[in-house]
Amino acid sequence: MEKLSRLAGLNQLAGLELDTHQILTRWISMGKGRMKNLNEKELDKMCAIGRAAARLFDEKGYLETSLRDISNSAKLSKGGIYHYFSSKHDILYFILDNYMEMLLAGLEEALKGIADSPSKIRYIVFRHLRLYNKKVPEAKALLIESHNLPKKYFRAIAEKQKQYAQITINVLSDLFGGRMPTDKLKAISYTLFGMCNSIMYWYDPKGPVSLEELSQIVYDIFMKGVASYRDGQEKIY
């Protein structure tokens, strides 16, 4: 029963999404003047444009996708796209910013309710892969296309990625009893995300390995690797 309860919690939190009011509030606060008078229906249209663009970026690549392609896929005129976004860069940033917000939303609060560090790592892995599986085009856009953003947008996304990594680094620091140097903690955390993110090249959700099984595999291999890299410390897994 306890295991089922824990998995239910993972199911609930792994699919966190921002509601449209949160998206609108954040984008207005960023100075998107043309969005100040948008209603919820129009904001839903923005999100639909983002989803259509993410699918096209996945299929064709960002550089090969035109605004005409996006407008056709979203069933809008090109002028309709400009009502919501000033450029293709704006659309890409909208996609990546919202995906990063989904990764960050509620994570620190959820981790406070988990007692031990190994369980926190497990939660992060399962949650990360669940969200990836739910938002594959958006996740791929983050991993592959973010370098196409203007510097200002790229730095904003990079800052949120650092925030996300720092949460994991803090958990790893606790795992090592606060005795592992920061540079090594960063290397270990990025290794974990490398394991998680590399599934975009080969994982088939319809294949014989379920997402739950894959998440457990990633967790087990990572934790056993961490245990073997004790750096003179006691075994932790």
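Throughout, read-outs are computed from the coordinates displayed, never taken from laboratory work. Keep in mind it's a predicted model, so treat the numbers as computed, not measured. Please note: Cβ atoms are built from the backbone with ideal geometry, for glycine as well, and neighbour counts cover all protein chains shown.
Here is the link list: Lys151/Lys184; Lys152/Lys184; Lys120/Lys160; Lys41/Lys140; Lys184/Lys224; Lys60/Lys160. Which ones come out longer than 23 Å on Cα distance? Beyond 23 Å: Lys151/Lys184; Lys152/Lys184; Lys41/Lys140; Lys60/Lys160.
Exposure proxy for Leu96, Leu67, Leu172: other Cβ atoms within 10 Å of each Cβ, ordered fewest to most, give Leu67, Leu172, Leu96.
Summing charges over all other residues whose Cβ lies under 11 Å from the Cβ of Leu76, with Lys and Arg as +1 and Asp and Glu as -1, gives +4.
Taking Cα atoms of the range 97-237, Rg/Rh with Kirkwood Rh, to two decimals?
0.97
Along the axis of the charge dipole computed for the range 95-214 (Cβ charges of +1 for Lys and Arg, -1 for Asp and Glu, origin at the Cα centre), the listed residues Tyr99, Asn133, Tyr203 are led at the positive end by Tyr99.
Cβ crowding within 10 Å, taken as a proxy for footprinting-reagent exposure, orders Lys151, Lys162 from fewest neighbours to most as Lys151, Lys162. Straight-line cross-link reach from Lys78 at under 16 Å between alpha-carbon atoms covers these lysines, not counting any fewer than eight positions away in the same chain: Lys45, Lys88.
Each residue in Leu63, Leu143 was given a count of other beta-carbon atoms within 10 angstrom of its own, and listing them fewest first yields Leu63, Leu143.
Taking the Cβ of Lys162 as the center, what net charge do the other residues with Cβ under 12 Å away carry, scoring Lys and Arg +1 and Asp and Glu -1? The partial results should precede the final answer.
Details: positive: Arg155, Lys160, Lys186; negative: Glu159.
With Lys, Arg at +1 and Asp, Glu at -1, the net is +2.
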